[in-house]
Amino acid sequence: MLTAAVRDLHASCPGQFQTDVRTRHNELWRNNPHLRRLDPRDPDVEQIDCNPPLTQRNDDPPFHFIHGFLRHLGNLLDVEIKPTVFRGDLHLSRREKSWISQLQEITRDEIPFWVLSAGGTFEKTIKWWDRERFQTVINAFRDRILFVQVGAEGDHHPELSGVVDLRGKTDLRQLIRLIHHAQGVLCPLNLLMHLSSAVDTKHSSPNRACVVIAGGGQSTQWQRYPTHQFLHTIGALTCCDTAGCGRHRTHSLDDNSPSDSADKICVDVVDDLPHCMHMIGAADVIRSIQRYFDGGVLNYLSADEIEVARKTLTDGVGLSESIYKGERGLSEQPGFMQQDRL
Amino acid sequence: MRKLILKNHQSPGDILMLTATVRDLHASYPGEFLTDVRTSVDQLWQHNPLITPLREDDPEVTALRCNYPLIHRSNESPYHFVQSFTEYLNDKLSLKITPQKYAGDIYLHQQEKRWISQVQERTGKEIPYWVIAAGGKYDFTAKWWASDRYQQVVDYFYGKIQFVQVGELHHYHPPLRGVIDLRGLTDVRQLIRLVYHAQGVVCGVTFLMHLAATVETKGSAGQTRPCVVIAGGREPPQWEAYPHHQFLHTVGALPCCEKGGCWKARTLPLGDGSEKDLPRNLCLNVVQGMPRCMHMISAEDVIRRIQMYFVGGRRAWLTQQEFCAAQPTIRQPIAHSVAL
C-alpha cells in the first residue's frame, strides 16, 4: 500500500519530491522508477515514519487501505495526494517479464493457472479457512483449473492434493512473478490478495481474477478491490455487525504473542473455525470462481492443457495420487449443485 | 460564518449522498457554516438539524450547484458515491472535508419512530419483513433483474421471510406473488419509515439500497440492516457497495465490465426518443432480455446471500404467529409470474 502512496504522491505533485524508502520488503520496490537513493544524513532529507492513523479507524469511514498511507503522507507533507489507480505499484522489469513462470519450469508448456494460498501466519489464524473446503474447491475444478499452492515456510499452509506445490519455494519477488503469470488467485485476506491487484497481468488484461475468503475479520471497504469476488460476512454476525472484528486468532496458541491476548481471540468459534469463516461454504467459493469463466474473461483448461496439467500432477509435484486414481471430483457427485449451492 | 445553499435536482439517491456531504462538512468545520439546500427531494431533509433556512438574495450566501465529476473516475479510483459531493465541495471551496460515515444522513423525528409501520397497519401485528424492489426506472433498465428470479427468491423464503414490495407506479415494478404489495403506496418519507421498520432489503442498485444503509434500524440504533444488492456489472463495487451489504457483482468477470462498471443505461432500446436509447448507452451483451451481467446472478445466489444474515444468528425467521398475521395481507398467488 505504501508503494501506491509513493506513486500517487509523484502523480499529484510532479517534480516536487524525491523519494526513497526503508522498509522490510525491498523486493516490492525493485525497478520502481519513483525511488532515488537518498542519504538519511543529508540535511535536506526528511524522514517520515509511515504508520498511518487511518488503520486505527477502519470501521466506518469510506476508505480503502490504499488511503491509509496516502492521507497520512498528504497530511505530513501538507499536500493533497489523490489516489490514481486502485492498486499497489509494483514494477516488473522487461527481463523479468520475459522469463517463463516457475510453473512452466515444471510443466515445460505454458498453461493457465491460479495461485492458491490455503493458510497464513500463526499471528492471524483467524484468517484461516478450512483445509477440507479448499480441497473441495480444487476437486470441483479438476481438469478445468490448475491450482498452484504457495505459502511462506514457517506459516501454516496445509498440504493439498491435486495442486502444484510451491509452498516454501517462492521468495517475495518470485511470488510477484508467479502472480504475473497467473490467471487468477484464491486466498484469504493477505498479501496475495493485494498482489493480485497490484501485479500486471501477463497478457495485458486489465485485471486478474481473484476470489477472497474474507469472513468478518476486517472491514470490507478497507480491503476489497473492485474486480475481486470478496466473500464476507460483515453485518451477518453480532461480532462483525458494523465492521471487521479486528481479532487475530481463532484459539489461543499460548505463545505469549500479543495476538494471544483475550481481546484478540475470536468470540464465536464453530468447528474450530471462526463462525464468519465457517459460514463461507466451498460452494460459495466455487460459484465465485465460476463467475469469471461464465462471464467469458477466462477459459478453462483446453484439452491440451489438461494433458499438461495431468502430467505435471502425476509426475509428483505436490500431487495426491487419489485425484487421478479414481476419486471423483465434487462436481461429478450427484446433487452437488443442488445441495451445496444453497 | 459562511452561508451556503447547495443545489441539486437529480434523483433521490443522489440527493441522499448530498445529505452525507452536509453532515461531513459540519463535522469537519464545526460552527463555521450555515447550510441550506435546494433539491428535488425535500423529504430527505426533514428534521435535519444541519439545515438553516437561507435566502438566495442574501449577499452573504454562496449558492452552489452541486455536481459530482468524481463519477468519471469511479472505475479507477477508490471512492464511494458517498464521497462524491464532498470531493466536489472540497475542490470548489478549497476545503478539506473528511468523510465520516458510510451512509447518507437521514433524521427521523421521535414521533415518526413511534408510528407503526405501513405493514403493521395492514397486519395488525408487528412482524419482521424485508423490503423488495423488483424493478426500477425506465431510463436505467440495465439495472433490472428478471421478475421470475425475484419470484423464486420470494417463493424460497415462503413462511420464513415476509417480503414487502415497493416501487413507484410510473416505474417498472412487476407484481410479485406472496408479498405485501405497497407499490405506488409510499412517498419518499413513507419509504424511509418503511425501511426504518424493515429487517432487510433486497434490491438492485437503487435509492432503496442507499436507504438500507442510511436509515437507522428500529430499536437498535447503530446496528446495521441486512441488504442484498443485485448489482451485476454496471457500476464499480467500490462506488456503490456498502460494507455490510451483500453486493452481488460481476465486475471483472465480463469483457464489457472487465475494467469497471460499464455505466450503460438500457438493456434494449425502448423507442421513446430518450438519449438512453442511443447505441452508446445500450448494453453490449444481452441474454434473454437481460444484461448478461445480471443474467449471471441466479436466484440461488441471492437466496444464499440472504440466508447468510440468518445463519449468522442475528436475525430470526418468521414465527408461525407472524407468518399467520401476514397471510391476509399478501398478494395472492397469480397464475404466471411476469418475466422480462
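Residues considered: B:Ile297, B:Ile306. Of these, the only one that is β-branched (Val, Ile, Thr) and either over 30 Å from A:Gly216 (Cβ atoms) or part of a helix (DSSP H, G or I) (or both) is B:Ile306. State yes or no: is A:Arg131 out of contact with any helix residue (DSSP H, G or I) (no Cβ under 9 Å at 6 or more places or on another chain) and in the same structural domain as A:Ala198 (by TED's automatic domain parsing)? So A:Arg131 fits the description; yes. Of everything listed in (1) within 15 Å of B:Lys137 (Cα to Cα); (2) modelled with pLDDT of 95 or more, the single unmet condition for B:Leu182 is (1). The helices (runs of 4 or more DSSP H) falling completely within segment B:34-139 that include 3 or more residues that are modelled with pLDDT of 95 or more and buried (at least 22 other Cβ atoms within 10 Å of the Cβ) map to B:84-93.
Across segment B:234-256, the number of residues qualifying as free of Cβ contacts under 8 Å to residues at least 40 places away in the same chain, more than 15 Å from A:Phe230 (Cα to Cα) and more than 8 Å from chain A (Cβ to nearest Cβ) comes to 1. When the residues of segment A:210-256 are filtered to those that are in a strand (DSSP E or B), within 13 Å of chain B (Cβ to nearest Cβ) and of a type outside the set (A, V, I, L, M), the one that is nearest to the chain's Cα centre (by Cα) is A:Cys210. Across segment B:266-294, which residue is farthest from the other protein chains (Cβ to nearest Cβ) among those that are in a loop (DSSP other than H, G, I, E, B) and farther than 15 Å from B:Lys143 by Cα? Step by step, filter segment B:266-294, then rank; the result is B:Gly273. Scanning segment A:247-267 for residues that are surrounded by 18 or more Cβ atoms within 10 Å (Cβ to Cβ) and in contact (Cβ under 8 Å) with a residue 24 or more places away in the chain yields A:Arg247, A:His248, A:Arg249, A:Thr250, A:Ser259, A:Cys266. Remark: pairs (first residue in segment A:76-102, away from chain B (no Cβ under 14 Å); second residue assigned to a loop (DSSP other than H, G, I, E, B) and crowded, with 19+ Cβ neighbours inside 10 Å; Cβ separation under 6 Å; 6+ apart in sequence or on different chains) = A:Leu90/A:Val199.
Taking every residue in segment B:81-94 that is farther than 19 Å from B:Val205 by Cα and pairing it with any residue that is small (Gly, Ala, Ser) and at pLDDT 95 or above, at least 6 positions away or on another chain, the pairs with Cβ-Cβ distances below 8 Å are B:Thr86/B:Ala20.
Listed by first and then second residue, the pairs with beta-carbon distance under 6 Å, at least 6 apart or on different chains, first residue in segment A:293-317 and within 14 Å of chain B (Cβ to nearest Cβ), second surrounded by 19 or more Cβ atoms within 10 Å (Cβ to Cβ) and part of a helix (DSSP H, G or I), are A:Leu298/A:Tyr292. Considering segment B:295-307, and only residues there that are at the interface with chain A (Cβ under 8 Å from one of its Cβ atoms) and among the hydrophobic types (A, V, I, L, M, F, W, C), the residue that is nearest to B:Cys257 (Cα to Cα) turns out to be B:Met296. Set side by side, the residues B:Ala326, B:Ala316, B:Ala231 differ, and just one is touching a helix residue (DSSP H, G or I) at 6+ places or on another chain (Cβ under 8 Å), in a helix (DSSP H, G or I), more than 8 Å from chain A (Cβ to nearest Cβ) and among the small types (Gly, Ala, Ser), which is B:Ala326. With respect to the conditions (1) free of Cβ contacts under 8 Å to residues at least 60 places away in the same chain; (2) touching a helix residue (DSSP H, G or I) at 6+ places or on another chain (Cβ under 7 Å); (3) more than 14 Å from A:His64 (Cβ to Cβ), A:Thr170 falls short on a single one, namely (1). Restricted to helices (runs of 4 or more DSSP H) entirely inside segment A:272-328, those with at least 2 residues that are farther than 30 Å from B:Leu248 by Cβ, at pLDDT below 95 and assigned by TED's automatic domain parsing to the domain that holds A:Phe147 are A:303-314. Taken over segment B:154-173, the residue count meeting the criterion of being touching a Phe, Trp or Tyr at 6+ places or on another chain (Cβ under 8 Å) and either part of a strand (DSSP E or B) or touching a residue at least 40 places away in the same chain (Cβ under 8 Å) (or both) is 8.
The values are calculated or read from the model by the stated rules, or taken from the named source; none is laboratory data. Fair warning: this is a prediction, and the values are worked out from it, not measured in the lab. Cβ coordinates were reconstructed from backbone atoms using ideal geometry, including for glycine residues, and neighbour counts include every protein chain displayed.
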